[in-house]
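Remarks on the structure that follows.
The values are calculated or read from the model by the stated rules, or taken from the named source; none is laboratory data. A quick note: this is a predicted structure, and the numbers were derived from the prediction, not measured. Every residue, glycine as well, gets a Cβ built from its backbone with ideal geometry; the counts of neighbours run over all protein chains shown.
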Amino acid sequence: MKTFTRKYGKDCPANGQPLSIAYCRMAGWRMVVLPLLFLLPFVSKAQDPNFSQFFSSPLNVNPALTGNIIGDWRTILNFRNQWIGPTAPYMTGTISGDAKIMKEKLPDGQRLGVGAMFMYDKTMAGVLRSTYASANVAYNILVAEGYGKHYIGAGFGLIYGHRRMDWTRVVFGEQYKGNGFDVNLPTGESSLSAMKPYVSMSAGGTYSYQTEYSNFDLGFAAFHLNKPKQTFLEDENQRLPTRFVVHANYEKNLNDQLVLTTNGIYQRQTTASYFSVGGGLGVILDEMDNKSLSAGLWYWSKNAIVPYLGFSYKQVQFGLSYDVLISKLKDSPGKRSTWEFSIVFRDLKNIDGIMYCPPWK
């Protein structure tokens, strides 16, 4: 399945199902690991975590989107709980913040933004944990002005990543004694080692067109440009592949109460790729208090349909989505529930533009 959706492990042979490539529910949360099959999905095919609400996680999409906001600053919280069911789900959370700086010192039509993001990702009841931190800087320049304003921007970022395996909660085939596992026996895998942290680079560019009642953005980005080493094996050839991103969005005030939001994204990392496209409508209930309701629908390439509901009040904007599977995974044993939640806090003192529902800026 060539998507960024993570593959789901089935139940154990004891339950009458094939052995999972990734993990198996056996002896509590202890895992049976077939080393090569287990490690390869996280080593040679390693992929970054992604969100169905990609429009609510801009710093994970493109460093050039840093500071590309309608106010002076914003803070975003994202949480994704993937495949809640009989086994431990994937859980991903982020907190990010970005702001425009040096506004008084820059020439008119130029914007400087800085931002940072922290991401936490775990699966198999916390046996495998990953943490990521990034720092970004972006610059936008007004290149033309007429009916609307044309901007081009560029952004750069540094990413720190660390993936950890709790080997005390993992067992190997060599430790099986016929009626159970003896963790005191050798694993037979002398090449396994702790994965070292890495530092990688990201870069991106954007083109934006803004009018009084509409906004358009087109961007591209690349993450892990230096392809850092990322492996549990002592193998210098195993590297984290570059992730390429192309995205676009268009927003427009249809009238005094209705706001249209549309966007799409395409990502590719190693041989895996996906695209997501959709849109939503926001209804302004009270302009003074920035109170609004919104709903939308996105199509995640051959994987899921993602309905979205949003609500904003004053400085805070909430978003809730649910992945409705349409891939073959929907017919696999067990329930496949995937929820995602986002909260956006914004500065409303110096608004420059329209607050869209669902959010983009």
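Please verify whether Arg336 is at pLDDT below 90 and more than 28 Å from Thr123 (Cα to Cα), treating the condition exactly as stated. In short, no.
Would you confirm whether or not region 197-206 contains a residue that is modelled with pLDDT under 75 and either assigned to a strand (DSSP E or B) or touching a Phe, Trp or Tyr at 6+ places or on another chain (Cβ under 7 Å) (or both)?
Residues of region 197-206 modelled with pLDDT under 75: none.
No, region 197-206 contains no residue that is modelled with pLDDT under 75 and either assigned to a strand (DSSP E or B) or touching a Phe, Trp or Tyr at 6+ places or on another chain (Cβ under 7 Å) (or both).
Can you name the residue in region 301-317 that is loosely packed, with under 15 Cβ neighbours inside 10 Å and either touching a helix residue (DSSP H, G or I) at 6+ places or on another chain (Cβ under 6 Å) or of a type outside the set (Val, Ile, Thr) (or both) and, of all such residues, is nearest to Ser273 (Cα to Cα)? That would be Lys302.
Return yes when Asn140 is polar (S, T, N, Q) and touching a helix residue (DSSP H, G or I) at 6+ places or on another chain (Cβ under 7 Å) and no when it is not.
no
Total residues in region 98-129 satisfying the condition of being farther than 26 Å from Tyr213 by Cα and surrounded by 21 or more Cβ atoms within 10 Å (Cβ to Cβ): the figure is 6. Residue under question is Ser327, and the condition is that it be surrounded by fewer than 20 Cβ atoms within 10 Å (Cβ to Cβ) and at pLDDT below 85; does it hold? Considered against the rule, which asks whether it is surrounded by fewer than 20 Cβ atoms within 10 Å (Cβ to Cβ) and at pLDDT below 85, Ser327 comes out as yes. Take the residues in region 61-97 that are at pLDDT 90 or above, among the hydrophobic types (A, V, I, L, M, F, W, C) and under 29 Å from Gln210 (Cα atoms), then tell me which one is surrounded by the most Cβ atoms within 10 Å (Cβ to Cβ). Selected residue: Ala64. Within region 227-248, if we keep just the residues that are under 20 Å from the mean Cα position of the chain (by Cα) and either more than 23 Å from Gly157 (Cβ to Cβ) or assigned to a loop (DSSP other than H, G, I, E, B) (or both), the residue that is modelled with the highest pLDDT turns out to be Thr242.
The single condition from (1) at pLDDT 55 or above; (2) more than 22 Å from Gln269 (Cβ to Cβ); (3) touching a helix residue (DSSP H, G or I) at 6+ places or on another chain (Cβ under 7 Å) that Trp29 fails is (1). Hey, Ala295 hits all of (1) surrounded by fewer than 18 Cβ atoms within 10 Å (Cβ to Cβ); (2) touching a residue at least 60 places away in the same chain (Cβ under 8 Å) but one; which does it fall short on? All conditions are met except number (2).
Within the bounds of region 252-264, is there any residue that is out of contact with any Leu (no Cβ under 9 Å at 6 or more places or on another chain), of a type in the set (Gly, Ala, Ser) and touching a residue at least 24 places away in the same chain (Cβ under 8 Å)? Spell out the reasoning first.
Keep residues of region 252-264 that are out of contact with any Leu (no Cβ under 9 Å at 6 or more places or on another chain), which gives 255-256, 262-264.
Now narrow it down to the ones that are of a type in the set (Gly, Ala, Ser): 264.
Of the ones still in play, those that are also touching a residue at least 24 places away in the same chain (Cβ under 8 Å) are none.
Checking region 252-264: not a single residue is out of contact with any Leu (no Cβ under 9 Å at 6 or more places or on another chain), of a type in the set (Gly, Ala, Ser) and touching a residue at least 24 places away in the same chain (Cβ under 8 Å).
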